[in-house]
Structure formats: C-alpha cells, structure tokens
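The values are calculated or read from the model by the stated rules, or taken from the named source; none is laboratory data. Bear in mind the structure is a predicted one, so any value in this text is a computation, not a measurement. Cβ coordinates were reconstructed from backbone atoms using ideal geometry, including for glycine residues, and neighbour counts include every protein chain displayed. Note: accessible area is taken over every heavy atom of the protein model, side chains too, but ligands, DNA and RNA are not part of it. Shrake-Rupley method; radii C 1.70, N 1.55, O 1.52, S 1.80 Å.
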Amino acid sequence: MSTNKKKLVVIGNGMAGISTVEQILKLTTNFDITVFGSEPHPNYNRIMLSYVLDGSKTMDDIVLNDLNWYSEHGIKLHTGTTVTHIDEASREVVAENGQRVPYDQIIIATGSKPFILPIPGSDKEGVIGFRDIEDCNQMLEAAKNYKKAAVIGGGLLGLEAAKGLVHLGMDVTVVHLMEDLMERQLDSTAAAMLRAELERQGIKFAMGVQTTELIGEERVQGLKFKDGTVLEADFVVMAVGIKPNIAVAAASGIETNRGIIVDDFMQTSMLNVYSVGECNEHRGVCYGLVAPLFEQGMILAKHICNVDTAGYEGSVVSTKLKISGVDVFSTGEFIDGPEHVVIAQKDEWKRTYKKILLKNNVMVGAVLFGDITESANLQKLIKQRTEMTDELYAQLMGTGCCGGGAEKKSSSVDTMADDEIVCGCNGVTKKAIVDVINDQGLTTVDEIKACTGATRSCGGCKPVVEQILQYVLGDGFKKTAKQGICGCTTLSRDEIVAEIKSKGLTTTKEIMHVLDWNQKEGCSKCRPALNYYLGMINPDSHVDEKESRFVNERMNANIQKDGTYTVVPRMYGGVTTPEDLKKIADVSLKYDVKAVKVTGGQRLDLIGVKKEDLPKVWEELDMPSGYAYAKSLRTVKTCVGSQFCRFGTQDSMGMGALLERKFERLDFPAKFKMAVNGCPRNCAESCTKDIGIVGNDGGWEIFIGGNGGIKARLADSLCKVKTDEELIEICGAMMQYYRETGNYLERTSEWVERLGLEQIRAVVVEDEANRKALMERIEFALEQVEDPWKKVLNDEKTQRALFNQLDPALLQK
C-alpha cells in the first residue's frame, strides 16, 4: 500500500459523505480514506426509512454500501463512533472514545438532527423524532405495545411516519400548526386533495392547533393544545423539522451559523476542512433534501481531486412524498401571486391536479398530485428556466396530437445538459448514464442501476432512465428487457446453473468471463450466489472462494457494531452439559467476553470477542461451530419430549440432536432452522421453522416453509410418517431439493410460495425414487464438509491473514 497517499477523513457515514467518497473514487485512488459514523450500520438510504416502516423494505434493502464495499475500496470504517472535534494544531480527528486519526484533508458530513419542540413533557418516554433507523425501530416496537399515536408535523416526514404507523395498526392523528399539509411544498388545492386521500387511508388530522405540552407521568399519555383541549396518545413522533448537526464544527472553532458556513467549493473556515450536505449553510441556505447534497458532493469531489469544476450556486429543490398510493410532487415556486401566470388542470374524478407557474413566460414552479409522470421533465424545465411555448404547453397539459409523446420525450432528453442529475437519490447524471450505455454496452435499466446506482433508491427517475436508454439505443431499446440475478447479467439462476453444468465451469471468475458478465468483477449480489451454486453442484471438487462470501462467513463469526465478534458453539438439540458450560464460563472470563446471551435457538452466544482472540477462543472451547453467521443449518430447537414431559409422545430431544448432527455444516441458499416437538402442543415453535417436526402417537408430522422473521409465515404440512428413518429421509430430500432449486438468499418460506407445496410434495414425498436420489446426493455433499473453526486452527496462513492484521483491506487477500 502506497505511503504517499493523502489521508482523507470523512466525518459522517451518511448519504452525503459516502456519495462524495464514491465520486472521489471515480476520479482518483490517491487517498487513504477513513470514515467515522455514529450509527452502527454501513451507509444506508435515509430517504427510504418510510418503506422500512411500512414493511415493504427491510434494513438490508436500504443499505447502499455494505461492509464489503468499504473493504473492497480499502476504506477504514469506524461505525458507532462519534467524532468530537478536529485538532487543527496536531492535524488529527478526535473521537469520543479517545481515538485520534491524522488527516491531510477532512470532509464533514454530519447531516442533521430532528428538531424537538421545547415544550414541557418533550423528554417523556414514548416521544421520539424520525430521522434514522433507530427511530424506525422504536416505532416498530411501539406499534406492538401501544395503540394511539400522534405525529406532530404535517410535512413530508410527518406524513410518511403517520402512514407507516397506520400500516402497523396504530390509531394515528397528525397534529399540524398550519391549515394546509406540506404548506412549504404544496398549494391549498393540492394540500386538500392530499388530506382527503390520507383520510381515506386511515390517518386522522388535527389542523391549525398548537401543542403546548405533552402530558403523562413517566410515559407520555397525551397532547395538550393551546386552546386547552387534549388528544390522547401513548406514542408521539416529533416531525416538525430538522436542524443542521454542527457539533463537530462548532467544537473545532469552525465558523458556523445555522449550519456550517461553506463557500462555493464546500470549503469551511478551517484550512483543508470541507463540509457537505445537510450540515452546511451555503449562501445563507441550509438544504434538507437529498438532491442538493449530491450536487454539492460532485463539486467537492472534483475540487478535492484537482479536477476543474464550476462552483456550487445553489439548488432548485423538488419534493416527492414517499407513501404508497399517494403521488405528490412539487418543485420551485408553488404559491401563485400577482406576478404569476397560472396554468392549472384539476380532475376530481381521477383525483389528479397539475399546476405550472410562469413568471415573465418562464417556468418557475409546478405542483402535481395523483399523476407525477411528468415530474422529472418539469423539474428539468424549471431548473433550466425554460420559456413556455405552444408546443410545450400541448405536451405538458396533454392537448397535443396523438403519437407525438414519445418523440417529444426523446427530444426532451436530447436537450438535457450532460451534468444534469437524473437520479436525485444517488447523484447520477445524464452523462454518467449515457457513458455506461455507450462504453459498456448496457441495455437495461437494471444494468444501469447496478453500474451507476440510478433508480436504486426511490425509483422515481426510472422513466427518465428509460427515456435516455431509448434515446441512445433507438430501436435497440427493449423496455421489458429480461432481468438476471443482478445487474451484472441477464441470466436467471436456472440458466446460470445449467450453464455451469453443461460447460463445466469451476470458478466465479470463469462464470463471469464465459457467460459475458458486463461487470468483470461481479458485485456483492452475484459473487456469493455463484460461489454457492458452484459448491452445490460440485461439492467434492469446488474450492470455496472465501473472498466471494460475506464478511461474517469469511470470519466464521458475526461482526458487531463495535468491531468485536460473537462466538456461538453448537449445542445439539439445545442440550448441553455441565462440563461444556464450565468451559464456556472459563473462556468467557479469560477473554473478557462482554455478555453471554441465551439465544432463541437454545444455545449460548458469547458477545464481544476481539478479532485476534477468535482462534484462541475456538481452540479452548473445543466445541463445534454453531454456524450462527452462515447460510447453513443454524439450530434444531427441541422441547424435552417423551424423555421428561408427561405429554410427550416422541423423543424430540434425541431426534433434534440426531438431525442437527447429521445435517450441520452444509451450505444452503439461506439460513436454515429446524424444530422438533414431542407432541402437538408445539412448545419448540415448529410452525415458524424451515422444517418443523411434530410428534404424535403414530409417528411424526413434517411441516415446511415456516418463518418467524420480518415476513412471518406459518409452515405448511408436508406429510406424516411413521418411522424415524422415513422422517430423516424426507427431511434430507427436502433440504437437497431446496439446495438444488432455491435462489440464493431465498428462504424456504418464499421457496414454498414460488414452487408450490404440491410440487415439493410430489418430488420429495410421492416420488420414492427421486427422494432416494436426492438423499443420496445430500449424503455425498455431507461427506465433504468439515468444521470451519478447526479448519482455521489447522491453517496458520489463514489465521495470520484474517486475525492478525488490522487493515480490513487485507481481508480480501
């Protein structure tokens, strides 16, 4: 690693900071980059929180750059670590844990914080802001225990939070000081249509009221308004605005006002220290939307890499409400006055509304409700201060002749400036998209998403990306292009598996080369999938590619937010011995384990093991790995069964331990859990496991496809068997059929839905010859596996590479 690289420290692991880093990485490799983030997560898309709240996406879905991305680019990431100040004299960044990191240049990207109303009771339990994933988790938890919620603030965030809480089953009232919702983005007509639509979706409103106090004892019980009336609520979300997070800058002596003062190149008052995003104040304006931060980041990246660029002159902001079934958009000026010419169109039957404001015949603002297909086009026209013409009027207001729409849209793309941002969520310009189409031969929106990030977040720019594709490719553009397993290929899982078998492909690189991957190195989505398919097809000859696995699987332990790891030894069927418990206690004390947690899978989790101690902990425990980090059989949960329980009809502990010993260590498409009950009382919760087994007087009943996670699903009854031998054979056959037909990361709950229970039953239960063939193949695969902890202990080279080096970049080698 070069010692001549400049040390760049980024304070803030959010969208502004990391998007700037992404731009820098496109321009140069001359920086040794360190990133500090206060949250315990990799970079995620904050504007997608409302989708997590309504359950349509998970935390994993909104992660923009996973931990592999940081490692792959040699970036040192410190999550859960807050920087307190910059020591200009020693040229070091100082964190709250005392860590000091030297710098040549700094980017402050600390974002903003929710504004909490300074009223009595605002510090009560049950009162939160809505700004990060932790707030989101608190809302999800509150919805399980409380019924009445109030959201203070009828702006963008408040409405998204309210809809999410309604979706979670809460009785929600939005309390707003003004008479119109989103009064900073919508006129009264659009605001009234929005309120009516949201009332139809179950949200209540208290408009024109001022909250003066939050009442209750330790926990909030209601809101008291200025007129003395009270609204009952046992959960309150404050969504009344944000304030730039200037703490680091202020503590470092950098000039601040409402935000951190920056010039047109994001330079602060301290030499070599820049700032980007919502924490900034540029020409007296602090921005709270995502598009400006990308525009600032692109300019800062060029400036810091000594690439010529014009300075930042401010942004024309636009807004979209991210609530399913409610399409609202506004940009520029939206309240009409005497100086405006107003073009408006309202359709109360279709519940649509469109308004465009002109000033001296120039388009200066627009509002859309119900149909926002013209949003990207209007945003561009208004940003370019386009003059209204008869032709443009006909195009925008739908009065033109038939057949001209597509041509005009293509022409619209033609007039876009190269540096115009198409994807506001990820800061992707038209030129970046055109370049990858021309240079890399991309032909689909998914390929462009994988390559540039455009459409990766809210998807609002997808129509414009399609227009650009159509414009560049002409007749070669196919809107419904076939989708592959990721943006690197158009091949499906089944096609890839067939090609591996027919062509005898043996490595991920060979697959990518022979099957013409458009990204030669693949991506974090396809690499682990290909490694799995290769191992599944050739269990005896495939050399596992550790570099293609996720970090937890490479380390054989789960990394925690503080950089330590967890160790979970195997406890077959949830049963242990006093001797093993003593070993766990001795090792925990010796290696200063922070906590020993009893898991839901009936075993013990040693939390807080230092990376360099992992091999010694494994060695001294001398127990098998519990695979708590892997796409493999995790646990077989059991009740005490007939050995001890007076209701038990079958030996669930014995059968659970037998199944766990037989099928452990084998790779699956996703994590795999089992449970065995001794009777139908279901104490081991078989109904939510990938395979759930329930004992009865005549034998066993087998259930499959259960899931107790985010997408909960009760397992389906597959069949009943009379003997232990039948049970083991059908379980093994079902596992192998799942291994051979499951998409990578697809849980059995989704697999059963996709294939259908009848098909699985026909293959695994009713076709005896096929069942025995499946069992034979899984037995062969099981002959190849070995304990990963012992494997590492017998491999000094791997130990040195993984556990004795501090630089995460080396983990890739």
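A few points about this structure:
- Ligands, DNA and RNA are left out, and with a 1.4 angstrom probe the accessible area of region 1-98 is 40 Å² per residue.
- Cβ crowding within 10 Å averaged over residues, with 335-345, 614-624 ranked highest first: 614-624, 335-345
- Other residues lying with their Cβ under 11 Å from the Cβ of PRO539 contribute a combined charge of -3, Lys and Arg counting +1, Asp and Glu -1.
- Heavy-atom accessible area per residue - region 694-813, 1.4 Å, Å²: 51
- Whole-angstrom gap from region 1-57 to region 113-187, using each part's C-alpha centre: 28
- By the equivalent-ellipsoid construction on the alpha carbon gyration tensor, region 687-784 comes out with semi-axes of 20, 18, 12 Å, ordered largest to smallest.
- Our summary of shape: the Cα atoms of region 580-659 have principal axis extents of 47, 28, 20 Å, ordered from largest down, in whole angstrom.
- Nearest 10 degrees, 0 to 90: helix 724-741 Cα axis against the chain principal axis: 30
- Converting phi to 3J(HN,Hα) with the Karplus coefficients 6.51, -1.76 and 1.60 and the offset θ = phi - 60°, region 75-91 yields 8, 7, 10, 10, 7, x, 10, 9, 7, 8, 6, 10, 8, 5, 5, 8, 6 Hz in sequence order, with x at every glycine or proline.
- Residue-count net charge about LYS582 - beta-carbon cut-off 15 Å; Lys, Arg +1, Asp, Glu -1: -3
- Gap separating the Cα centres of region 278-308 and region 325-379, nearest whole Å: 27
- Within the chain, helix-based [θ] at 222 nm, where runs of 4 or more DSSP H residues each add -39,500 (n - 2.57), nearest 500: -9500 deg cm²/dmol
- Vicinal HN-Hα couplings computed from phi for region 291-306 (Karplus, 6.51 cos²θ - 1.76 cosθ + 1.60; Hz; Gly/Pro x): 4, x, 5, 5, 4, 5, x, 5, 5, 4, 4, 5, 4, 6, 9, 6
- Across the alpha-carbon set of region 151-239, the Rg to Rh ratio works out to 0.96, Rh being the Kirkwood radius.
- Each of the peptides 505-518, 767-780 was scored by the mean count of other Cβ atoms within 10 Å over its residues; in descending order, highest first, they stand as 505-518, 767-780.
- Accessible carbon and sulfur surface of the chain relative to its total accessible area, %, 1.4 Å: 49
- A cut-off under 9 angstrom between Cβ atoms defines the neighbours of PHE703, and their net charge, with Lys, Arg +1 and Asp, Glu -1, is -1.
- Evaluated at q = 0.10, 0.17, 0.22, 0.26 Å⁻¹: base-10 log I(q)/I(0), Debye formula over Cα of region 58-145: -0.44, -1.02, -1.19, -1.32
- Cα pair distances exceeding 54 angstrom across the chain, given as percent: 16
- Of LYS5/LYS546; LYS546/LYS720; LYS671/LYS720; LYS501/LYS546, those spanning more than 31 Å from alpha-carbon to alpha-carbon: LYS546/LYS720
- Fraction of the pair-distance distribution of region 514-658 above 24 Å, Cα-Cα pairs, percent: 46
- Area projected by the alpha carbon convex hull of region 327-393, averaged over all directions, nm²: 4.4
- Each listed q (0.16, 0.28 Å⁻¹) maps to a log10 I(q)/I(0) for region 1-58, found by the Debye formula over equal Cα scatterers with no solvent: -0.60, -1.14.
- Two-decimal log10 I(q)/I(0) for region 1-129, as the Debye equation yields it once each C-alpha is a single scatterer, q = 0.16, 0.17, 0.20, 0.21 Å⁻¹: -0.88, -0.96, -1.19, -1.26
- Checked against a 26 Å cut-off, the cross-linked pairs LYS26/LYS525; LYS26/LYS462; LYS26/LYS76; LYS57/LYS355; LYS616/LYS797 give Cα-Cα distances beyond that limit for LYS57/LYS355.
- The charge dipole of the chain, taken about its Cα centre with unit charges on the Cβ atoms of Lys, Arg (+1), Asp and Glu (-1) only, comes to about 520 debye.
- Other-chain or far-sequence residues with amide H under 5 Å of CYS423's (modelled H): VAL428
- Hydrodynamic radius (Kirkwood) for region 510-600, which is based on Cα pairs only, to one decimal in Å: 16.6
- Ordering 462-468, 385-391, 294-300 by mean Cβ neighbour count within 10 Å, with the highest value first, yields 294-300, 462-468, 385-391.
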